[in-house]
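A short write-up of the structure that comes next.
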Amino acid sequence: MFIGHYSVSFASKKAEPKTPLWASFIGVQFVDILFMIFILFGIEGIRFVPGFTEVNNFDLYYMPITHSLVGGIGWSILCFLIFKFVFLRSKPYSNSLKNKISGLIGLTVLSHYFLDLPMHTEDLPILFDSGPKIGFGLWHNRTLSIATEVTLTLIGLILYFKATKPGPTFGGKFGMQIFGGILLVLAIATPFFPPPLTIPEFSIQALVGYVLLAWVAGWLDGKRLPAES
């Protein structure tokens with residue numbers, strides 16, 4: 001799962017319009033961001049095996065810190081606390097609203113595990129690397145994988161556009177539609193991209209992509225208005 005993760009980001013805007021889209025974009029990819037850093041230093045591991053699945057060549061053989069269920073719960077709690085007590089500290093919001101927004105950010109982090117679950121091979125630990133690993137393996141079927149990513153992204157975008165309305169500028173009127181179209185193209189095209197050959201290449205490309213998409217999402221979201229305003 002790559003682009004489909006962002007469906008949760010868009011849906012969080014429907015749950016609470018004050019949730020910053022840049023933060024939920026980082027949230028849904030938070031454990032992957034950590035993973036990309038960890039593999040650079042050998043803390044977690046990936047092998048590139050040609051033909052490993054129809055979608056990619058990723059043998060994700062060791063990632064108990066970032067991609068276990070227990071790890072996901074821990075990272076989501078940490079992100080909840082950081083967002084509430086650091087990013088929302090100076091905001092003139094009620095404590096209940098801060099809890100709601102921070103809780104949604106925490107849920108975006110946790111959602112990563114559950115959206116990875118149908119796609120991955122049996123490489124997602126529940127607790128430890130030595131214990132059971134699960135994954136339903138949709139990556140073995142390129143067509144179903146793409147259909148899943150596209151469907152989730154469309155659902156998220158529909159919910160987002162129900163929660164917001166166009167702003168007065170060109171970016172506010174058309175920017176998010178263009179961005180959404182680019183995401184859908186990426187969801188379809190990514191399985192056909194040339195596979196990475198080295199860990200640094202893979203990691204750096206992914207990290208740049210995550211940050212760039214989050215920045216663009218936040219920038220364009222700032223140009224739209226809440227639907228009820």
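Numbers for the structure displayed
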item: Cβ-Cβ under 6 Å pairs, at least 6 apart or on other chains, the stretch 181-210 side touching a residue at least 60 places away in the same chain (Cβ under 8 Å), far side open to solvent by 70 Å² or more (accessible area, probe 1.4 Å) and of a type outside the set (Phe, Trp, Tyr); result: Pro191/Arg142; Ser203/Leu40
item: Enumeration of residues in the stretch 35-54 that are open to solvent by less than 30 Å² (accessible area, probe 1.4 Å) and either of a type in the set (Asp, Glu) or outside any strand (DSSP E or B) (or both); result: Phe35, Met36, Ile39, Glu44, Thr53
item: Of all residues in the stretch 55-66 being over 16 Å from the mean Cα position of the chain (by Cα) and part of a loop (DSSP other than H, G, I, E, B), the one that is surrounded by the fewest Cβ atoms within 10 Å (Cβ to Cβ); result: Asn57
item: Qualifying residue in the stretch 67-83 (condition: at pLDDT 95 or above and part of a strand (DSSP E or B)); result: no
item: Which listed residue is in contact (Cβ under 8 Å) with a residue 12 or more places away in the chain, touching an Asp or Glu at 6+ places or on another chain (Cβ under 6 Å) and closer than 18 Å to Asp123 by Cα, from Met36, Met1; result: Met1
item: Any hit, the stretch 10-18, residues being among the aliphatic types (A, V, I, L, M) and under 18 Å from the mean Cα position of the chain (by Cα); result: yes
item: Complete set of residues in the stretch 84-112 that are assigned to a helix (DSSP H, G or I), of a type in the set (S, T, N, Q) and open to solvent by 50 Å² or more (accessible area, probe 1.4 Å); result: Asn95, Ser96, Asn99
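Residue-wise test of (1) among the hydroxyl-bearing types (Ser, Thr, Tyr); (2) under 30 Å from Gly74 (Cβ atoms); (3) over 19 Å from the mean Cα position of the chain (by Cα); (4) buried (at least 17 other Cβ atoms within 10 Å of the Cβ).
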| position | (1), (2), (3), (4) |
| --- | --- |
| Lys133 | no, yes, yes, yes |
| Leu138 | no, yes, no, yes |
| Arg142 | no, no, yes, no |
| Ser145 | yes, yes, no, yes |
| Glu149 | no, yes, no, yes |
| Thr153 | yes, yes, no, yes |
| Gly156 | no, yes, no, yes |
| Lys165 | no, no, yes, no |
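The values are calculated or read from the model by the stated rules, or taken from the named source; none is laboratory data. Everything numeric here is computed off the predicted structure, so don't read it as measured data. Neighbour counts run over all protein chains shown; Cβ positions are idealised from the backbone, glycine included. Accessible surface areas use protein heavy atoms only, side chains included; no ligands, DNA or RNA. Shrake-Rupley method; radii C 1.70, N 1.55, O 1.52, S 1.80 Å.
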